1. Considering only region 82-118, state which residues are without any contact (Cβ under 8 Å) to a residue 40 or more places away in the chain and closer than 13 Å to Ile466 by Cβ.
2. Would you be able to say whether some residue in region 458-470 is of a type in the set (Asp, Glu) and within 16 Å of the ligand (Cβ to nearest atom)?
3. Against the condition touching a Phe, Trp or Tyr at 6+ places or on another chain (Cβ under 8 Å), more than 22 Å from Ala69 (Cβ to Cβ) and aliphatic (A, V, I, L, M), how does Leu529 come out, does it pass?
4. Report yes if some residue within region 148-168 is within 16 Å of the ligand (Cβ to nearest atom) and either buried (at least 21 other Cβ atoms within 10 Å of the Cβ) or not polar (S, T, N, Q) (or both); otherwise report no.
5. Filter region 464-494 down to the residues that are within 15 Å of Thr405 (Cβ to Cβ) and part of a loop (DSSP other than H, G, I, E, B) and list them by number.
6. Taking region 519-573 only, how many residues are over 30 Å from Ala46 (Cα atoms) and basic (Lys, Arg)?
7. Look at Met554 and say whether it is touching a residue at least 60 places away in the same chain (Cβ under 8 Å) and within 16 Å of the ligand (Cβ to nearest atom).
Amino acid sequence: MTYTNLHFQYLAGIIFTALILTQFGCQKAASGVDYATQQQAVFDSAAVVTAHPLASEAGKEILRAGGNAVDAAVAAQFALAVVCPRAGNLGGGGFMVIRTAAGESAALDYREKAPAAATADMYLDSLGNVIDGISRDGHLSVGVPGTVAGMATAHRHYGSGISFGDLLQPALRYARQGFRITAAEAERLNTYKEDFLKYNAEKNTPFLKKAEWKTGDLLVQKDLAATLERIEKSGAAGFYQGKTADLILAEMQSGNGLITQADLDNYAAKQRKPLIGDYKNYRIISMPPPSSGGVALMQILEAVEDYPLADYGFNSAEATHLIVEAERRAYADRAEFLGDSDFYPVPLDTLLDPEYVRGRMSDFSATRATPSDSILAGNKNLLPESFETTHTSVIDAAGNAVSVTTTLNLNYGSKVIVNGAGFFLNDEMDDFSAKPGVPNYFGLVGAEANKIEPGKRMLSSMTPTIIEKDGELFMTLGSPGGSTIITSVFQVFINVAEFDMTLPEAIAAKRFHHQWLPNVVMTETDTPLDTVALKQLGHEIAPNKRLGLVKAIMVTEDGKLSTVGDPRNPDDDVSGF
Ligand code: DON
C-alpha cells in the first residue's frame, strides 16, 4: 500500500469520524484545543483507545487502510512518540500482549536493558548509600532503548503485511507539520522547563522556548522527523545504527552516560510466553517477567476468587480489606522473587500455583489487617504524582486484540534529549533495585532478583492484559501509574466481573491500592470507601490524587466494542468504526 493510498483513507477517515462524533455526541476537548476528544464510544467493528486524539486517529487510519490491530498499535506508538513526548517514545520501552482472532496469544518484550558497563552498585556512594536522583535524572539513568526494535519485531511477526514505512506516516506528518499541544502537555512542558535546561541548555530543541507554553501552541519537531525518516528507510537499523546511533552515542559521551554502540547492536526485542490464568469463567492473558504485572495480577485474582466479593459489595469494608490483603501478599512476593527471568530464576510455577497463593492467604483475618513484614524499610511517602507511561488498546474488525503499555518511566524520562535526534531518553534504570530494601521512585523495594546487572531488563509493573470470557475475546486493558498499574487493572476487571459495572463505570470508579510497603492503603481523593471500618481493622489510609489511567475495550453482549478512556486524563481518546 502506498502513502497516497493511506492519505486518501485518512481523508475518508476524517469524514467518517465526523459522522461518528455527531452520532455519539462530540465533547470538545477539555484542553481547549480543537481536538474532538471523545472518552468513550461504542463501535461496531474496530476500536482504538490511546492517551492522545492524534494517536487514536493514527491507529484508526491504519485500521481503515486494512491494517490489523498490531499495525494500528505500532502506528499509535510512533504517533505517541511525537504528540505525547512525556510518555510516548522512541527512547523508552514497553510490552505488547496480543490475542489473535483465532485465539492464539503472544507477548512481546521490548523493555530497556542495563548497558554492559552498568554495575550493581552504580548508584551507591562510597559508604554504600543510594545517591538520590542519579538513577532518575540525566545520562546515567538511561537504559538501552527497546521501542524501535519492539515495533519492528511486532510489525514483522504479527503485522498484516502493510509496510513498516506506512505505519510511520501519521507520526511523520505530526512531527513535520507540527501539532497543537493540549493543556496537559503545555502544563507539563512548563513544569519541567528547569529540568530540561539542566541537560539540554545548549541544544537547539523545540522543547525549550523563552515564553511559557500555552494550550494550542504549535509543536514542530524537525530533528524527530528526520529520525523517523531514518527508521522509515532502514527499519530498526535506522535507530540502532548509522546517524541516529551516532547521535545517541555523542549524547551519552557528553553526559558520561554508559550506552555504547555494542549495547545498541546487542539490543533485541524478545518474544515471551504470555502468562495465562483463569478467574471463574474468564481467562487472563498478561505479561510475564521482566514485568511483574501478570504474576501479581494473577496472584491477586487467585487470592480473592474463593470469596463472595459480589455479596460483600463494591467498596464495602469486607471487599476492600480482602483485596488489600491479597495485594499486600502479591507485592511482598514481587519484591523478593521478581526480576528479569533471563538473569534470575523467578519461581513462576510456584508463584502461580493456586495452592501456594491460597497458602499465602491462610493467615488472612477478616477482622484485622496483617502487619507488613517490617524487616525491609518501607517508604511512607505518598506516591509522587507521575503518570507518564501510556497505554493503548486496539481491537480490529477481524477480532484481533492488542494491549500495549510503553514508557520513558517518569515525565520525559531522564529529561535528556538526544541532540540532533529530537527525542527524550528514558530513566528506566530507576526500576532496578539500586540497593536491597531501598525504595525506588514508586516506593517499591527489591532484592537480588532485581539487582542491576549488565544486559538485564529492569523489573516493571506494566500490565498489558487481554481477557477472554467463556473462550471468547472479552476485554483488552492496561494503564500507566507505576506500581499502581497492577491494582488499577485488577480493579477495573473486578468491577465488571464481580460488581456488575459497565466498562465506563468500572473505569470511572474511584480506586485504592496497597503495595505491601509502604504499609498504607492508598485511596483516591473523595473515594466512598468505608475508611472508618478500614481503620478499625488496622489499616492506615493515605489519600492520593489519582491512581492509574485505564484504557480498555470490552466486547458487549451484542458483539459491539465499548471503548473507554479514563476520565482522569482529558487527553484520553477513543476512535473506531
Ligand atoms: O515499568 C514500570 O513499571 C514503570 N517504569 C512505569 C512508570 C510509570 O508508569 C510512570 N507513571 N505512570
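1. Here is the first cut: in region 82-118, the residues without any contact (Cβ under 8 Å) to a residue 40 or more places away in the chain are 102, 104.
Of everything in region 82-118, just one residue is without any contact (Cβ under 8 Å) to a residue 40 or more places away in the chain and closer than 13 Å to Ile466 by Cβ, namely Glu104.
2. First, the residues of region 458-470 that are of a type in the set (Asp, Glu): 468, 470.
Subsequent filtering for residues that are within 16 Å of the ligand (Cβ to nearest atom) retains none.
The answer is no, given that none of the residues of region 458-470 is of a type in the set (Asp, Glu) and within 16 Å of the ligand (Cβ to nearest atom).
3. Working: touching a Phe, Trp or Tyr at 6+ places or on another chain (Cβ under 8 Å): yes; more than 22 Å from Ala69 (Cβ to Cβ): yes; aliphatic (A, V, I, L, M): yes.
Answer is yes for this residue.
4. Step one: of region 148-168, the residues within 16 Å of the ligand (Cβ to nearest atom) are 150.
Cutting the leftovers down to either buried (at least 21 other Cβ atoms within 10 Å of the Cβ) or not polar (S, T, N, Q) (or both) gives us 150.
So far as region 148-168 goes, yes, one or more of its residues are within 16 Å of the ligand (Cβ to nearest atom) and either buried (at least 21 other Cβ atoms within 10 Å of the Cβ) or not polar (S, T, N, Q) (or both).
5. Those that are within 15 Å of Thr405 (Cβ to Cβ) and part of a loop (DSSP other than H, G, I, E, B): Pro464, Ser479, Pro480, Gly481.
6. Looking only at region 519-573, we keep the residues that are over 30 Å from Ala46 (Cα atoms), and these are 519-545.
Then drop every residue that is not basic (Lys, Arg), which leaves 535, 545.
The qualifying residues number 2.
7. Working: touching a residue at least 60 places away in the same chain (Cβ under 8 Å): yes; within 16 Å of the ligand (Cβ to nearest atom): no.
Answer is no for this residue.
Here's the yes/no breakdown for (1) over 24 Å from Ser403 (Cβ atoms); (2) out of contact with any Phe, Trp or Tyr (no Cβ under 9 Å at 6 or more places or on another chain); (3) within 16 Å of the ligand (Cβ to nearest atom):
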site: Leu503; (1), (2), (3): no, yes, no
site: Ala506; (1), (2), (3): no, no, no
site: Pro518; (1), (2), (3): yes, yes, no
site: Leu537; (1), (2), (3): yes, yes, no
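The values are calculated or read from the model by the stated rules, or taken from the named source; none is laboratory data. The structure displayed is predicted, hence computed values, not measured ones. Ideal geometry is used to build each Cβ from the backbone, glycine not excepted, and the neighbour counts take in all protein chains shown.
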